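Each remark here refers to the structure printed beneath this line.
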Amino acid sequence: NAGVTQTPKFRVLKTGQSMTLLCAQDMNHEYMYWYRQDPGMGLRLIHYSVGEGTTAKGEVPDGYNVSRLKKQNFLLGLESAAPSQTSVYFCASSPRQGWTEAFFGQGTRLTVV
Amino acid sequence: SQQGEEDPQALSIQEGENATMNCSYKTSINNLQWYRQNSGRGLVHLILIRSNEREKHSGRLRVTLDTSKKSSSLLITASRAADTASYFCAQDSSYKLIFGSGTRLLVRP
């Protein structure tokens, strides 16, 4: 049972390049989340999804887009990467809202130069 | 920002001592969760306390919740060097899981 898997684990981008981060969960969870973690800032919610085909903005959505075409996958896209998007990105999933814990992936370390 | 705050930002204690971390949040919640993060790794869930609960225990962990003050505390008793990590509270409300800024705990052998 893999849980939550993030791909890739590391990436270096040049300013202006685009990329997609993939999050896959095999637990049939409804809810999925994308966070970024910067030193001293804790985790900040970028976008989230409450089910297949749905997405919503979190606290810091600017510069990112997401899609949830399949229940098990949640994609985070950067259309034109900026140095301010250098961060560690975490994906998480949970069965449903209100009563249950979230399960996290191991993170993607992204550097934009 | 809906992000909560944790206090202290950093805590250094001797092995065997107790560690207390506090969390304040801003919105109404369904539950309050605590997570642990070892350096460079993903977060691991520790304990969840529902909005109608005031205290919860799990092993060496004790969590309290005061919804009138929008605050929670995590107590780790008889700490061990292996407890060294960052600890985060997370408020679960309105379909979102919002994390605090975290407390870095160092347990000295």
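Each value in this text was obtained by applying a stated rule to the coordinates, not by laboratory testing. These numbers come from a predicted model, not from an experiment. Reconstructed Cβ throughout: ideal geometry from the backbone, glycine too, with neighbour counts over all protein chains shown.
All of A:PRO83, A:PRO8, A:PRO61 fail the test of being more than 10 Å from chain B (Cβ to nearest Cβ), out of contact with any His (no Cβ under 8 Å at 6 or more places or on another chain) and under 30 Å from B:GLN9 (Cβ atoms), apart from A:PRO83.
The selection criterion, being in contact (Cβ under 8 Å) with a residue 60 or more places away in the chain and either among the small types (Gly, Ala, Ser) or surrounded by 20 or more Cβ atoms within 10 Å (Cβ to Cβ) (or both), does not hold for A:GLN17. Residues of region A:1-20 that are under 21 Å from B:VAL44 (Cα atoms) and not small (Gly, Ala, Ser): A:ASN1, A:VAL4, A:THR5, A:GLN6, A:THR7, A:PRO8, A:LYS9, A:PHE10. Considering region B:32-45, and only residues there that are of a type in the set (S, T, N, Q) and more than 7 Å from every other protein chain (Cβ to nearest Cβ), the residue that is surrounded by the most Cβ atoms within 10 Å (Cβ to Cβ) turns out to be B:GLN37. Figure legend. Inter-residue proximity from region A:61-77: first residues small (Gly, Ala, Ser), second residues assigned to a loop (DSSP other than H, G, I, E, B) and surrounded by 18 or more Cβ atoms within 10 Å (Cβ to Cβ), beta-carbon distance below 8 Å, spacing 6+ or different chains. Indicated pairs: A:SER67/A:THR55; A:GLY77/A:TYR64.
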